[in-house]
Amino acid sequence: MPFSDFHGNPDVVRRVREMLARDRFPHAVILSGPAGSGKFTLAQMIAKTMNCLERPATDDLPDFCGRCANCVRIAEADDLESRFAEAMEARENLREADKRETRILVQTHPDVLIIPPDPPQMLVKVDQVRHVIGEIYYKPSEGRERVYIFSDADFMKEAANSLLKVLEEPPDFATIFLLTDNPSALLPTIRSRCVQLRLAPLTAAEIEEYLAEVRPEWKARERGLVARLCGGALGRARSFDLAQYLAARQDALALLAPAMGARDHSELFKVTESYRAGADGKSKMDATIRVLYSLLEDLLFVKSGTPEMARNHDMLAELNRMAEQVDFDWIVAATERLGELESGMRRNLLRSLALDSFAAALEKA
Ligand SMILES: [Zn+2]
């Protein structure tokens, strides 16, 4: 998995690799960007390049081989979610007293440490930073550079203050990454000691290109739809449940049909009846509510003369037909009704009845 496998933000990647080529990589980096933009993937790629035993060049810039002992071991943490779950499980199995003292850390290579936020608060705690301080001044043992990746840089106050001390005087052979979707939440004193690199959300075209590689079984139209629905996040696009989305959209359209002039309500009742109590019914309901919001928003885009903004772009012709049936006031009223439906669900109203009355209210609105 060399740098050419990184999707999006080619300018940032090039800058990173140029810094690596000059051997002038900053010792503290804030890597920011929305969820799914590849912050952790990029930090891992940099850690591999810093420590790769082969260190090949591609496009005349440093890369990593992905095969040497260092690359392979660092890559074991690429699936951070699984490593995090394992660390959590290991902690759960400790004696009560040890459990309280143990902090979650992920380490698959002696010179690369990942510091995730510690549950249940999901914040980085002072003991985790102390662990970093305890080892960062020792020379790397098997690589060239010690790398510390705070995978979600959300610190408890004491931890942030503790980190400041390392940032003031990091050793030459260490790099600290702070990954965040909101750099302004970091202390100004931390920000001022770091170089900031910002990843932008991926464009729909970049995500479509990626999906063509990993989801060749999807039709081009479906890949286009998912690219628009995942908000620029590659991870969401990859794991997107298209079948569930299309089923929820079918239901959402049935709910809107009476308001669009449909006379026959039998399809509507068949749909609302299928929303049962229990956990299954809940996730189905949540999905349908999300789709309803996106359809109402799309109707707004179409009516405002910006249909290219619509996310359900694959059904633009139908959106156009629907938009002719309603006016702006209806869309506003429908969005309010949808908000009421959503809060009704939190109060455990019967799902099928709530959907019936939602559809009836839209018909009258
Ligand atoms: Zn390598």
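The values are calculated or read from the model by the stated rules, or taken from the named source; none is laboratory data. None of the values given here were measured: they were computed from a predicted structure. Cβ atoms come from the backbone with ideal geometry, glycine included; neighbour counts cover every protein chain shown.
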Pair list, Cβ < 7 Å and 6+ apart or interchain, from the range 64-78 residues that are over 17 Å from ILE114 (Cβ atoms) and without any contact (Cβ under 8 Å) to a residue 40 or more places away in the chain to residues that are among the acidic types (Asp, Glu) and more than 6 Å from the ligand (Cβ to nearest atom)
none
I'm trying to understand the selection: among the residues of the range 68-93, which are assigned to a loop (DSSP other than H, G, I, E, B), surrounded by 12 or more Cβ atoms within 10 Å (Cβ to Cβ) and either charged (D, E, K, R) or more than 11 Å from the ligand (Cβ to nearest atom) (or both)?
GLU76, ALA77, ASP78
Looking only at the range 289-314, which residues are part of a helix (DSSP H, G or I) and in contact (Cβ under 8 Å) with a residue 60 or more places away in the chain?
SER294, HIS313, ASP314
Does VAL112 qualify as being away from the ligand (no atom under 16 Å from the Cβ), among the β-branched types (Val, Ile, Thr) and touching a residue at least 12 places away in the same chain (Cβ under 8 Å)?
no
What tally of residues in the range 96-123 results from selecting those that are part of a strand (DSSP E or B) and over 16 Å from LEU80 (Cα atoms)?
1
Looking at the range 227-246, can you tell me whether even one residue there is under 26 Å from PHE40 (Cβ atoms) and of a type in the set (Asp, Glu)?
yes
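Considering only residues that are within 30 Å of LEU211 (Cα to Cα) and touching a residue at least 12 places away in the same chain (Cβ under 8 Å), which ones fall in the range 252-281?
Residues satisfying the conditions are ALA252, LEU253, ALA254, GLY281.
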Can you pull out every residue in the range 103-134 that is buried (at least 16 other Cβ atoms within 10 Å of the Cβ), of a type in the set (Val, Ile, Thr) and touching a Lys or Arg at 6+ places or on another chain (Cβ under 8 Å)?
ILE104, VAL106, VAL112, ILE114
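Can THR272 be described as β-branched (Val, Ile, Thr) and at pLDDT 95 or above?
no
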Candidates ALA200, ALA237, ALA248, filtered to the one that is of a type in the set (Gly, Ala, Ser), within 18 Å of the chain's Cα centre (by Cα) and buried (at least 19 other Cβ atoms within 10 Å of the Cβ):
ALA237
Which condition number does ALA57 fail, the rest of (1) closer than 24 Å to ARG191 by Cα; (2) within 16 Å of the ligand (Cβ to nearest atom); (3) among the aliphatic types (A, V, I, L, M); (4) without any contact (Cβ under 8 Å) to a residue 12 or more places away in the chain being met?
(1)
Residue hits (the range 38-54; more than 16 Å from the ligand (Cβ to nearest atom) and in a loop (DSSP other than H, G, I, E, B)) are GLY38
Can you tell me which of (1) in contact (Cβ under 8 Å) with a residue 12 or more places away in the chain; (2) among the basic types (Lys, Arg); (3) outside any helix (DSSP H, G or I) is the one ARG249 doesn't meet?
(3)
Of the residues that make up the range 19-37, is at least one within 16 Å of the ligand (Cβ to nearest atom) and in a helix (DSSP H, G or I)?
yes
Failed condition for ASP356, given (1) more than 21 Å from ALA262 (Cα to Cα); (2) buried (at least 19 other Cβ atoms within 10 Å of the Cβ), with all others met?
(1)
Among the residues listed as ALA323, ALA334, the single one being surrounded by 17 or more Cβ atoms within 10 Å (Cβ to Cβ), within 30 Å of the chain's Cα centre (by Cα), over 23 Å from PHE240 (Cβ atoms) and at pLDDT 95 or above:
ALA334
Can you run down the residue pairs with Cβ atoms below 9 Å, 6 or more apart or on separate chains, where the first is in the range 11-36 and without any contact (Cβ under 8 Å) to a residue 12 or more places away in the chain and the partner is part of a loop (DSSP other than H, G, I, E, B)?
MET19/PHE25; MET19/PRO26
Of the residues in the range 302-312 that are more than 22 Å from the chain's Cα centre (by Cα) and surrounded by 18 or more Cβ atoms within 10 Å (Cβ to Cβ), the one that is nearest to ASP251 (Cα to Cα) is VAL302
